[in-house]
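Asker: First, the structure itself, so that you have it in front of you.
What follows is calculated from the coordinates using simple rules that are stated; it is not laboratory data. Fair warning: this is a prediction, and the values are worked out from it, not measured in the lab. Cβ atoms come from the backbone with ideal geometry, glycine included; neighbour counts cover every protein chain shown.
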Amino acid sequence: MSIPVGWQVDIGLEIHAQLSTQSKIFSGASTAFGEAPNSQACAIDLGMPGVLPRVNAAVYEKAVRFGLGVTGTINSESRFDRKNYFYPDLPKGYQITQMDEPIVVGGHIQITGKDQSEKVVRITRAHLEEDAGKSIHDFKPSFTGIDLNRAGTPLLEIVSEPDLKSADEAVAYAKAIHQLLTYLDVCDGNMAEGSLRFDANVSVRPVDAQDLGVRSEIKNLNSFRFLEQAINHEVQRQVDALTRGETLTQDTRLFDPDRLETRAMRSKETATDYRYFPEPDLLPVKISDAFINDIKDNMPELPGPRSVRFQSEFGLSLADAQLLAGDRGLGDFFEQVAMITGNGRSAANWVRGDLLGKLNEQNLNISESPVSPDQMGALIGLIDDDIISGKTAKTVFAALWAGETTQPAEYVKAQGLEQVSDAGAIEPLIETLLAEHPKQAEDLRAGKDKLMGFFVGKVMQATGGKANPQQVNAMIRQKLSP
Amino acid sequence: MNLRSATIAELRAFLDRGDISAVELTDYYLDRIDRFDKSLNTYITRTADTARASAIAADKVIAQGKATSLTGIPIAEKDLFCIEGTRTTAGSKMLANFKAPYTATVSTKLANAGAITLGKTNMDEFAMGSSNENSYFGPVRNPWDLNRVPGGSSGGSAAAVAAGLCAASTGTDTGGSIRQPAALCGLTGLKPTYGRISRWGMIAFASSLDQAGPMTRSAEDAAIMLEHMAGHDPQDSTALAEPVPAYTSALNNDIKGLRIGVCQAFFDTDLDAEVAAKTREALRVLESLGAKLIDIALPHMAYSLGAYYVIAPAECSANLARFDGIRYGYRCENPEDLQDLYTRSRGEGFGQEVKKRILVGTFALSAGYYDAFYGRAQRVRRLIKQDFVEAFNQVDVIVGPTTPTPAFGIGAKAESGVDMYLQDIFTISASLAGVPAMSIPAGLVADLPIGLQLIGNYLDEATLLNLAHQFQQATDWHTLIAPEAP
């Protein structure tokens, strides 16, 4: 959807990313998804009297890694605060979050638009907080169920500046953050399990207006598609209202994906007063330079620079480089194959072609690939050494995938799949064929090159595909030359 | 063998010599509780069965010669410490039937040391009060005069020790809740440095001020208890990691030359004339033991009550939000909807004083008022801390009265909140600063005990206990016994 003529749009996103830790942010309870309700909530998560939070140190490392990934500033001292409100799935009656002194301040990330245009989006801050539980309203009439398994799950809330000018840009930004988070192993990025959720602050203004318009915050969007739809519908709603001469009021809205509309949840006037104050049960968070430097030294190469390097080092196309560098595991796999074979293009073709095709077909992650980089490298090596043809290689790959073999070279030998490169063995075959098809041989000699395929095909057929087609080609030309 | 007045140290000797067994000693106290607690109301819950079982185990340990200083010593726990399998009420209707599935670190440590828990003591609801009149389980009576209050909020813990219904007890102190009842019941009560004792499993009132501590018959007993209660706890981020000194080994150090700060401000307020006289008399005793009295100023002390009654309610307004009738605790009958469930569960489950403080705290944190109240109170708190830091550059201990008056009558201050709050005027500043402070008996005024407050530097409980022990070697106020209850 395009932006209505005469208007411009300003969007800022708040992204809640679930940190991929084994246990919760303030307790030792497991964060595993999909368990029986309330089976993963300990006394701390339940907000029992007399219990105290203690910070899971793993969250600091992940937050710092993200901060470094967006070239933000890591605060040497940050602080937890209490955000007070009553809700049945908020066991303590307050959420522990970071209000005034977040762990990460500032930063930026580059996004690529649909038209390949590039843009830098500024990040305001990123702070640590705990998730609430879940209210289940539909399991029994007149009852609400509470599942506190999610209560205390660690979140990093990433807040952007209102730099995004369209739903497309917002989605591109959300995807860039998603990619970075998964690349850095900060978040598993599993949208279906709610590992990433978006709040969009949307406002519109006439193209010539200096100041931002009145904004609405659309809460809790859990997919890129809903993010796009919600923003587009909200933009249209605001433009329509202003065109009718109405005045907008700042509010919080929910997106209804079935009816494709946003609905007001509460206005600024009725907004909750969260009565933030410093969390007295936790000491200030101190992050040392040594801690930051240690993480810095172990940061992986990020997708952007890696894609550039893949192009220059391995001669990949932009599209191949972006695809392979876009996923950390896939990039690592490709790079190992490329190193083993010394043939980056073949490695790229095989990884993004046959391997990725199979993985996608069976809905597997690269880390679950039954074919290892070593095996893939060995397979490509057999082609490059002219031991097997590309066609045979597909057979060998299928055998590797199916687990029929783990050693491509041994498999080729055992199955007798080597190419016949012995000129002495092929020469009589060619001579017989030329003799049996004198008309075609004459036409080929006269320059009807299409007939080369006919003869090569016949030789391949006769050798069960084991002849080297290039070699056969050369030998036929030699035979026919005067 | 006078059990009625025996200290932990004396009981230790009796038990180790075999003059009495832990089982017999436990039965002695359980019998006294049966006889006298109807009129005193010090215990909310008695744990006779587990106490006897612990006593049997303690006797075996003693027979093996492996007793700690607390093995077989019967104590009482303030009903703010969660103990698995025993109900923990915090003196509230809200938790009248609450059983925690975990045990407070303090209680675990004391149990591991072999102490025997006789039961859970009465207290002001959620530790809010200075008279123990704010308990859902009824007021506690002062053994020295049954028509008077024992102080609060650790009133049950204080009265139980004073009446000989346990050898010692645990208390908690947020603004004076150990020291004031210790003073009013003639006991030694210690509030250690904030963070010296873990708060895990201790139901929170005001997290940045709450601190557990012992209530005992002597400074030596307080040292014994503290050695077992103190220490780092990974379950409490605010618990200090510093090693726990052997307090009992430092009791007999010479206090000659010890610099004692005397702050005139303690005497300028509405201090009862006789209490003032007794306090000065105690100072002269310390001087006679070789201590040097030095005048000091605590310029911001006058603002401590105001700062406290913003910070503590603000924290309590959040800490008590979890009591919402949803997961545990009191829930109103037949709620119409969520709002009704919240409103009535909290309205019916909390007492007046608790509700008042939640309201005050909620207001103090509200948008537009935060800076004027909470922000300003925190600035005052920093100034008060600074006062103490500067004072302890000049002196080793600050000494003054614990309370303005001896125990007052039940109901006498119930009408006026401010009069009640003034009970803590001398104790609150040490709480705000987080420094250790204790109250020790300093004599009788109109046949009622009064307390002398000793305030020490951060983590310097050893000097406080040493000074208190030396004072108790030179005086016998701490050996006075309350008359037997009817």
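Asker: Which residue, chosen from A:SER166, A:ALA58, A:LEU212, occupies the Cα position most advanced towards the positive end of the dipole of chain A, where the dipole is computed from +1 (Lys, Arg) and -1 (Asp, Glu) charges on Cβ about the Cα centre?
Answerer: Checked the options; the winner is A:SER166.
Asker: What do you get when you divide the Cα radius of gyration of the protein assembly as shown by 2.2 N^0.38 Å, with N the number of residues?
Answerer: 1.28
Asker: Quick one: longest stretch of chain B between exposed loop GluC sites (Glu not before Pro), exposed meaning at most 10 other C-beta atoms within 10 Å and loop per DSSP?
Answerer: Formally, the longest exposed-site-free interval is B:1-332.
Asker: Treating the angle as unsigned and between 0 and 90°, give the value, to the nearest 10°, between the Cα long axis of helix A:423-436 and the longest Cα principal axis of chain A.
Answerer: The two axes meet at around 70 degrees.
Asker: Another question, then. Looking at chain A, which longest stretch skips every one of the GluC sites (Glu not before Pro) that is in a DSSP loop with at most 10 other Cβ atoms within 10 Å, leaving the sites themselves out?
Answerer: It runs A:1-245.
Asker: Provide the per-residue ³J(HN,Hα) series for the stretch A:123-131, in order, calculated from phi with Karplus coefficients 6.51, -1.76, 1.60 and θ = phi - 60°, each as a whole number of Hz, with x at glycine and proline positions.
Answerer: So the J values, rounded to whole Hz, are 9, 6, 6, 9, 9, 8, 7, 9, 7.
Asker: Taking the Cα centre as origin and putting +1 on Lys and Arg beta-carbons and -1 on Asp and Glu beta-carbons, what dipole magnitude results for the stretch A:423-480, to the nearest 20 debye?
Answerer: Magnitude of the dipole: close to 140 debye.
Asker: Mind putting a number on the dipole of the protein assembly as shown about its Cα centre? Charges go on the C-beta only, +1 for Lys and Arg and -1 for Asp and Glu, and I need it in Debye to the nearest 20.
Answerer: 460 debye
Asker: So how far apart, in nm, are the two label points at A:THR272 and B:ARG284 if each is 7 Å from Cα heading toward Cβ?
Answerer: Result: 6.2 nm between the two label points.
Asker: Which trypsin sites (Lys or Arg not before Pro) does the stretch B:1-73 hold that lie in a coil by DSSP with at most 14 other beta carbons within 10 Å?
Answerer: Filter output for the stretch B:1-73: B:ARG4, B:LYS66.
Asker: May I pose another question? Can you pull the three principal axis extents for the Cα set of chain A, in Å, largest first?
Answerer: Principal-axis extents of the Cα atoms in chain A, largest first: 95, 55, 53 Å.
Asker: For the stretch A:423-480, max minus min Cα coordinate along each principal axis, in Å, sorted largest first?
Answerer: Largest to smallest, the principal-axis extents are 28, 18, 18 Å.
Asker: Straight-line reach from A:LYS394: which lysines have Cα under 26 Å away, leaving out those fewer than 8 places along the same chain?
Answerer: Cα-Cα hits under 26 Å: A:LYS358, A:LYS413, A:LYS450, A:LYS458, A:LYS466.
Asker: Using Cα atoms only, what is the angle between the long axis of helix A:328-341 and the major principal axis of chain A, expressed in degrees (0 to 90) to the nearest 10?
Answerer: On a 0 to 90 degree scale, this one is about 20.
Asker: OK, next. Considering only B:LEU289, A:THR243, A:LEU356, whose Cα is most displaced toward the positive end of the charge dipole of the protein assembly as shown, charges sitting on Cβ of Lys, Arg (+1) and Asp, Glu (-1)?
Answerer: Positive-most Cα among the choices belongs to A:THR243.
Asker: Lysines near B:LYS256 by alpha-carbon distance under 17 Å, same-chain residues fewer than 8 away left out - which ones?
Answerer: Result set, ordered by chain and number: B:LYS292.
Asker: How far apart, in nm, are two points set 7 Å out from the Cα along the Cα-to-Cβ line at A:ASP211 and at A:MET265?
Answerer: Distance between the two pseudo-spin positions: 2.7 nm.
Asker: Could you give the longest part of chain A that holds none of the trypsin sites (Lys or Arg not before Pro) found in DSSP loops with at most 12 neighbouring Cβ atoms within 10 Å?
Answerer: Result for the longest clean stretch: A:269-447.
Asker: Using 0.36 nm per residue, how much length does the chain from A:GLN415 to A:GLN470 gain when fully extended, once their Cα-Cα distance is taken away?
Answerer: Separation in residues times 0.36 nm, less the Cα-Cα distance, equals 17.6 nm.
Asker: Which value, in debye to the nearest 20, gives the size of the charge dipole of the stretch A:7-291 about its Cα centre, when Lys and Arg are +1 and Asp and Glu are -1 at the Cβ?
Answerer: 280 debye
Asker: Moving on. Once you have the Cα-Cα distance between A:THR71 and A:GLN250, take 0.36 nm times their residue separation minus that, and quote the gain in nm to one decimal.
Answerer: 61.3 nm
Asker: With a cap of 14 neighbouring Cβ atoms within 10 Å, and only residues DSSP puts in a loop, list the chymotrypsin sites (Phe, Trp or Tyr not before Pro) found in the stretch A:46-135.
Answerer: A:TYR85
Asker: Rounded to the nearest Å, what's the spacing between the alpha carbon centres of the stretch B:408-439 and the stretch A:321-340? Just the number, please.
Answerer: 69 Å
Asker: Measure of size requested: the Rg and Dmax of chain B, with Cα atoms as the atom set and Å as the unit; please supply both.
Answerer: 21.1, 70
Asker: Hey, another quick one. Report for chain B the percent antiparallel among DSSP-assigned beta bridges with both residues inside it, nearest 5.
Answerer: Roughly 65 percent of the DSSP beta bridges within chain B come out antiparallel.
Asker: Extension gain A:MET452-A:SER288, at 0.36 nm per residue separation less the Cα-Cα distance, in nm?
Answerer: Here the answer is 52.0 nm.
Asker: In terms of Cα to Cα distance under 19 Å, which lysines are near enough to A:LYS62, apart from those fewer than 8 places away along the same chain?
Answerer: Answer for A:LYS62, where 19 Å is the Cα cut-off: A:LYS24, A:LYS175, A:LYS286, A:LYS296, listed by chain and number.
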